[in-house]
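Have a look at the structure below, then the notes.
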Amino acid sequence: MSSSDMKTITVVGSGLIGRSWAMVFASGGYNVKIYDNQPGQAAKAITEIRKQLEELEEAHMLRGDLNATQQLALLSSYDDLARALEGAFFVQECVFEQLEVKQSVFQDIERLVGKDVILSSSTSCLVPSNVFAKVQNRSRCLVSHPVNPPYYVKLVELVPHPETAANVMDTTHAVMTKVGQAPVCLKREIDGFALNRVQAAIIAESWRLVQDGVISVKDIDLVMSEGLGMRYAFIGPMETMHLNAPEGLEDYMKRYGQGITRVLTSFGPVPDFFSEGAKSIINEMCELIPSDQQHLSARIERRDQLLMGLAKLKKDH
């Protein structure tokens, strides 16, 4: 497929993730066709995106080289799947996390596109071999898992199906890089991908420390936000170790490897997140931030504002 054919991307599903993808792709100059099977929903999504793009432009946080009006001009909405897929070289599926729904959506898409069109799923917890089980030509399929909210958190996990062609991974990596995301490639599929597996390890030990009466909910969050997270916003755990010993990673392991092994072997079993004890952790969290819509929405807005500031800081360095 020549680069002149690689101008249009179709986003299937116009919910929060679909709208975010549409904004990200448009910021990179792609024509984006948004499809939703609920009549009028895709058009509504564009109205919502217009509002967001204008706010971002006002805050000087609009991504890409085009202004809000130019980016908006790249978006179009469809209630008809065949028309939405016309001319696209790449399809990003964003329907809800239900295996059967995703499988049948990809069956429908495959019937309507040429054999070179890349089929990408936004799933966060379903492995590609399941998502694409009903697709005939699986060499052009992969998962591109964004992190919420994708406009500020740029990581995208690219997870291949066992049959995914290398050039499909390369093309997707190039597209994601072009639109300003930070793609990482998994070499094979695994439950939870990479991000959720690392996150699960952090959740498990944080939960255990609170449950065992070692630390409060508030303070374990500070361990991350004022401690580890400060570094991890810019460098990862591997580089952190490499920089934390005079002669790098091998030296670090000589110095601290046994201590790390000792601590790891002292970890308890996977916590029971549904036990009576778990309720007190939930209550402690809800005292800090009540779980009603008003409080949660305010904190989500604060989170996004802070992420926006951090994204700007990272861009400037």
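Read the figures in this text as sums done on the coordinates, not as results from a lab. From a predicted model like this one, the values you see are computed outputs, not experimental measurements. Cβ placement follows ideal geometry from the backbone for every residue including glycine, while neighbour counts extend to all protein chains displayed.
When the chain is treated as a GNM with alpha-carbon contacts under 10 Å, the residue of LEU66, LEU81, LEU296 showing the greatest mean-square fluctuation is LEU296. Structure note, pairs LYS44/LYS115; LYS134/LYS178; LYS218/LYS254; LYS7/LYS51; LYS218/LYS315: Cα-Cα distances above 28 angstrom occur for LYS44/LYS115; LYS134/LYS178; LYS218/LYS254; LYS218/LYS315. The angle separating the long axis of helix 249-265 from the principal Cα axis of greatest extent in the chain is about 80 degrees. Classify the range 136-196 as rounded, prolate or oblate, taking a ≥ b ≥ c as the square roots of the eigenvalues of its Cα gyration tensor: rounded when a/c is under 1.5, otherwise prolate if a/b is larger than b/c and oblate if not. Oblate. The alpha carbon gyration tensor of the range 260-307 gives principal lengths a ≥ b ≥ c with a/c of 1.5 or higher and a/b no greater than b/c, which makes the shape oblate.
Sparsely packed loop sites in the range 174-209 (the trypsin sites (Lys or Arg not before Pro) outside DSSP H, G, I, E and B with at most 13 other Cβ atoms within 10 Å) comprise LYS187, ARG188. Shape of the range 208-255 from the C-alpha gyration tensor: oblate (a/c of 1.5 or more and a/b not above b/c, with a ≥ b ≥ c the square roots of its eigenvalues). Evaluated with a Cβ-only charge set (Lys, Arg +1; Asp, Glu -1), the chain carries a dipole of roughly 520 debye about its Cα centre, given to the nearest 20. For GLU93, what residues show an amide H to amide H distance below 5 Å, using hydrogens built from the backbone and excluding near sequence neighbours? The list, which skips near neighbours in sequence, is VAL12, SER120, SER121, SER122.
Result for the chain in a Gaussian network model with C-alpha springs under 10 Å: among SER27, SER77, SER297, the largest mean-square fluctuation is at SER297.
Magnitude of the charge dipole for the range 136-253, about its Cα centre and with charges confined to Cβ atoms of Lys, Arg (+1) and Asp, Glu (-1), is about 600 debye.
The 3J(HN,Hα) values that the Karplus relation (6.51, -1.76, 1.60; θ = phi - 60°) gives for the range 109-119 are, in residue order, 5, 4, 5, 9, 10, x, 6, 8, 5, 7, 10 Hz. Gly and Pro appear as x.
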